[in-house]
């Protein structure tokens, strides 16, 4: 087999580099400017009585109420031996876990904390965490107050089917979901997340992924009454 000459390899390298630069510049221009997404319609967000979950995470929850600030009160059931979500953090809201039954484990950077019935744990903003259930019985998380923004509940409705499907879809979805989803993977440096969004977002949009797709919401027609 004849060897590829040095000059030909150099041309191939520069052609590949030019193609990558064109993809990044043109792709992100189309993604962010030409085909910029509209603001999500709050009328398609989850409301009281809605149920959703992820078999992969082992999380299933019901919306109990949505208050005037668009914060959600929910009842979360974590299945036995549920691995929970990836190690992650939130920039703008703290997580508040109140255990109704079972024993909840939460991985923090300092180690694993376990709380039982009647106990609660607040995870401050920017604090990496992963709730999970290593036991043989379900864990029920329920409290009288709101626990997350309604936008985050809407985000979970979008993420869970992709997560359950497996494969690279979750990275493609995460590359375009930031406008409504205040969740960030703690195991990936912030610079890595920025690079991932710049590189993957144009491809994700081309494949049909959106930051928020009303057609994949629980109320795609947007006519459900609030309450």
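Things worth noting here:
- Residue match in the stretch 109-119 (condition: assigned to a loop (DSSP other than H, G, I, E, B), surrounded by 15 or more Cβ atoms within 10 Å (Cβ to Cβ) and touching a strand residue (DSSP E or B) at 6+ places or on another chain (Cβ under 6 Å)): no
- Just one of the listed residues (51, 99, 72) is without any contact (Cβ under 8 Å) to a residue 24 or more places away in the chain and touching a strand residue (DSSP E or B) at 6+ places or on another chain (Cβ under 7 Å), namely 51.
- Filtered by the rule that a residue be under 22 Å from residue 180 (Cα atoms) and loosely packed, with under 15 Cβ neighbours inside 10 Å, the stretch 89-108 gives 91, 92, 94.
- Of the residues making up the stretch 158-181, none is surrounded by 14 or more Cβ atoms within 10 Å (Cβ to Cβ) and assigned to a strand (DSSP E or B).
- Checked against the criteria, residue 14 does not count as in contact (Cβ under 8 Å) with a residue 12 or more places away in the chain and not in a loop (DSSP other than H, G, I, E, B).
- Scan the stretch 120-147 for residues that are more than 17 Å from residue 82 (Cα to Cα) and either touching a residue at least 60 places away in the same chain (Cβ under 8 Å) or loosely packed, with under 13 Cβ neighbours inside 10 Å (or both) and the total you get is 11.
- Residue among 52, 93, 97 that alone is touching a helix residue (DSSP H, G or I) at 6+ places or on another chain (Cβ under 8 Å), at negative phi and not in a loop (DSSP other than H, G, I, E, B): 52
Read-outs: derived from the displayed coordinates by stated rules, not from any lab. Fair warning: this is a prediction, and the values are worked out from it, not measured in the lab. Please note: Cβ atoms are built from the backbone with ideal geometry, for glycine as well, and neighbour counts cover all protein chains shown.
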